[in-house]
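Since the structure comes first, as structure tokens, the remarks are kept for the end.
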Amino acid sequence: EISVGEIKTAEKVENADRLLRLTVDFGEEVRQIVSGIAEYFAPESLIGKKCPFVTNLQPRMIKGLESNGMILAAKDDEGNFSLLDVDSKIKAGTKLS
């Protein structure tokens, strides 16, 4: 299941160079998601972004933090990395089809 989430907070995970702890609003609920995207983005640049997230994964413990989903991104053979953006007029919680 893939849903649009709006990133409300983002911060580096202590003692983890690649991890960010995101608080993501999905309309009906807010989830914590831990993601290995810190090498590509400053935490403050993510706040307010709407992106697609996989939301039907089992919770997973990462560096002592529970993660409840996964952000979708693309990385090519040359190392270029991009989050998949969603237009700002699309509401948080919208399911992708």
Worksheet item: Limited to region 6-29, what total is found for residues that are small (Gly, Ala, Ser) and in a strand (DSSP E or B)?
Response: 1
Discussion item. With the structure loaded, tell me whether residue 27 is in contact (Cβ under 8 Å) with a residue 60 or more places away in the chain and surrounded by 13 or more Cβ atoms within 10 Å (Cβ to Cβ) or whether it fails that test.
Written reply: yes
Worksheet entry | Which numbered condition residue 8 fails, given (1) open to solvent by less than 60 Å² (accessible area, probe 1.4 Å); (2) touching a Ser or Thr at 6+ places or on another chain (Cβ under 9 Å); (3) within 21 Å of residue 90 (Cβ to Cβ) | (1)
Item to complete: Could you tell me which numbered condition residue 16 fails, if it satisfies all but one of (1) touching a strand residue (DSSP E or B) at 6+ places or on another chain (Cβ under 6 Å); (2) open to solvent by less than 20 Å² (accessible area, probe 1.4 Å); (3) without any contact (Cβ under 8 Å) to a residue 60 or more places away in the chain; (4) not acidic (Asp, Glu)?
Response: (1)
Worksheet entry | Pairs where the first residue, in region 77-97, is under 16 Å from residue 1 (Cβ atoms) and the second is at pLDDT below 95, C-beta under 6 Å, 6+ apart | 93/28
Practice prompt. For region 42-58, name all the residues that are in contact with a Lys or Arg (Cβ under 9 Å, 6 or more places away or on another chain) and surrounded by fewer than 18 Cβ atoms within 10 Å (Cβ to Cβ).
Written response: 43, 47, 48
Item to complete: Filter region 75-97 down to the residues that are within 16 Å of residue 25 (Cβ to Cβ) and of a type in the set (Ser, Thr, Tyr), then identify the one that is most open to solvent (accessible area, probe 1.4 Å).
Response: 88
Fill in: residue 74 being assigned to a strand (DSSP E or B), aliphatic (A, V, I, L, M) and over 15 Å from residue 6 (Cα atoms)
yes
Practice prompt. Quickly run through region 30-53 and pick out the residues that are in contact (Cβ under 8 Å) with a residue 40 or more places away in the chain and assigned to a strand (DSSP E or B).
Written response: 50, 51, 52, 53
Fill in: Residue selected from region 54-71 under the condition of a type outside the set (S, T, N, Q) and in a loop (DSSP other than H, G, I, E, B), by the criterion nearest to residue 17 (Cα to Cα)
63
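The values are calculated or read from the model by the stated rules, or taken from the named source; none is laboratory data. Not measured: the values here are computed from a predicted model. We place every Cβ from the backbone using ideal geometry, glycine too, and count neighbours over all the protein chains shown. These accessible areas exclude ligands, DNA and RNA; they are computed on the full protein's heavy atoms, side chains included. Shrake-Rupley method; radii C 1.70, N 1.55, O 1.52, S 1.80 Å.
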